[in-house]
1. Can you confirm whether residue A:222 is within 19 Å of residue A:10 (Cβ to Cβ) and in contact with a strand residue (DSSP E or B) (Cβ under 7 Å, 6 or more places away or on another chain)?
2. Going residue by residue through the stretch A:140-150, is there one that turns out to be touching a residue at least 12 places away in the same chain (Cβ under 8 Å), under 28 Å from residue A:248 (Cβ atoms) and under 18 Å from the mean Cα position of the chain (by Cα)?
3. Looking at the stretch A:147-162, can you tell me whether even one residue there is at positive phi and of a type in the set (Gly, Ala, Ser)?
4. For the stretch A:209-235, what are the residues that are open to solvent by 50 Å² or more (accessible area, probe 1.4 Å) and of a type outside the set (D, E, K, R)?
5. Any residue in the stretch A:153-161 that is open to solvent by less than 60 Å² (accessible area, probe 1.4 Å), touching a strand residue (DSSP E or B) at 6+ places or on another chain (Cβ under 8 Å) and of a type in the set (Asp, Glu)?
6. Those residues that are open to solvent by 10 Å² or more (accessible area, probe 1.4 Å) and over 26 Å from residue B:26 (Cα atoms), I need them from the stretch A:62-85; list them, please.
7. State the number of residues belonging to the stretch B:109-131 that are in contact with a Ser or Thr (Cβ under 7 Å, 6 or more places away or on another chain), part of a loop (DSSP other than H, G, I, E, B) and within 14 Å of chain A (Cβ to nearest Cβ).
8. If we scan the stretch B:42-52, do we find a residue that is of a type in the set (D, E, K, R), modelled with pLDDT of 95 or more and open to solvent by 30 Å² or more (accessible area, probe 1.4 Å)?
Amino acid sequence: MLAKRIIPCLDVRDGQTVKGVNFINIRQAGDPVELGAAYAEQGADELIFLDITASVEKRATFAWLVEKIARKLNIPFTVGGGIRNADDVARLLDAGADKITINTAAVRQPELVEKLAARFGSQCVVVAIDTKNTAKGDVVYIHGGRTPTEQKTRDWAREVVERGAGEIMLTSMDHDGTKNGFALGITCELAESLPIPVIASGGAGSKDHFVDVFKKGKADAALAASVFHFGEILIPNLKRYLRQFEIEVRV
Amino acid sequence: MKVAVIKYNAGNIHSVRLALQRLGVDPLVTNDHETIRSADKVIFPGVGEASSAMENIRANGIAELLPQLKQPVLGICLGLQLMCRYSEENDTECLGIFDTAVRRFPPQEKVPHMGWNTIDSLKGDLFSDIASGSYVYFVHSYYAELSEYTVATTSYILPFSAALQKDNFYAVQFHPEKSGMVGEQILRNFLEI
């Protein structure tokens, strides 16, 4: 049976991971390559590296880093952050990334999704959607969740599927950072209605939240950052726990 | 050991090379017939679309060369599909090394079949020391039907061939280069055949 995926997300600034990490046997806690390999060894199914480098000049560092990650990792990984066009994507895929993720750029120029799917294949195009529940319903936010748009989340999700997205990474701005659990309603709605996988993101605080996002949220994959980075949840324990609830995971 | 990775207009060649390098083998990525013919092992990778890939390997003569090879050959993903007789993807005649057809998954579940799934009914050298039920990483919308050449099966929507073998020709639908320790062992097994 196809397993539900557990995906740690690593934020990278100027070539170093940002959040503190409590790992044993890591020579350099800030080294994304070492960290990624440690997660792979623990049983992470996939990894996401997001470049949050502020300056455009330093983005070259990231492509170089992606090359180092690709040499080391034996599981799939996705990269994103600041991608504006097809050439940015080509550079990252050539460096060895398996998939890329775009967010603001897709909202700004929706035809970019089509262009990327046609040139590189849908399987490597992950569209990240930041969603917030407002008086107008679930709407899309851009610029790292700072700027609201007029787009309804479900309409935008359907549109990117039609334009050729291979996966959707759905982050709830209401839940992100709260550790109170994933946004089950909108996750379930999209996961059940869309013909492509939905990665749920934002709100993971306990192992039970992962049970809920798979059982009730029907997510295909769940992403988290701090609970993994600070060692609050260890991936092998999490997977054993999920198995007790008859959730199929790779062990 | 001389390992040739066939170069053509397909997507995952770079990651296959990196995976081999992790195992201590530096492969030649090439479409030169003589280099391929004289290699100890040949890997035929691929992520992409069947008809344009066939067109590409017909144009450079790989389509003619590949079925004649005598050393162990490993097809990966699209490589496996192109080694079959026919693919429903744009109604494509393929190499016919495995006399079986490649079909599109019916849309009862999400397609592509993407992620980690288990392999069972494992047969032959490729799966030495691999436990039935091991997880490997898949990304594909088309599958090879079960046949006399099937040496591993996976179920998604329906049971299909996760791996095929006939004589010196081996092929896997999943990506051993992205399948963690299990994938590394399968690649190592291939190199040791």
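The values are calculated or read from the model by the stated rules, or taken from the named source; none is laboratory data. If you're wondering where the values come from, they're calculated on a predicted model, not measured in any experiment. Note that each Cβ is placed from the backbone with ideal geometry, even for glycine, and that neighbours are counted across all protein chains shown. For the accessible areas, the whole protein counts, side chains as well, though only heavy atoms, and no ligand, DNA or RNA atoms are used. Shrake-Rupley method; radii C 1.70, N 1.55, O 1.52, S 1.80 Å.
1. Yes: the conditions hold for residue A:222.
2. Checked the stretch A:140-150: no residue is touching a residue at least 12 places away in the same chain (Cβ under 8 Å), under 28 Å from residue A:248 (Cβ atoms) and under 18 Å from the mean Cα position of the chain (by Cα).
3. Looking for residues that are at positive phi and of a type in the set (Gly, Ala, Ser), one finds none in the stretch A:147-162, hence no.
4. Listed by number, the residues that qualify are A:230, A:234.
5. The answer is no; no qualifying residue exists.
6. Once the filter is applied, which keeps residues that are open to solvent by 10 Å² or more (accessible area, probe 1.4 Å) and over 26 Å from residue B:26 (Cα atoms), the stretch A:62-85 yields A:81, A:82, A:83, A:84, A:85.
7. Here the count works out to 2.
8. So far as the stretch B:42-52 goes, no, none of its residues is of a type in the set (D, E, K, R), modelled with pLDDT of 95 or more and open to solvent by 30 Å² or more (accessible area, probe 1.4 Å).
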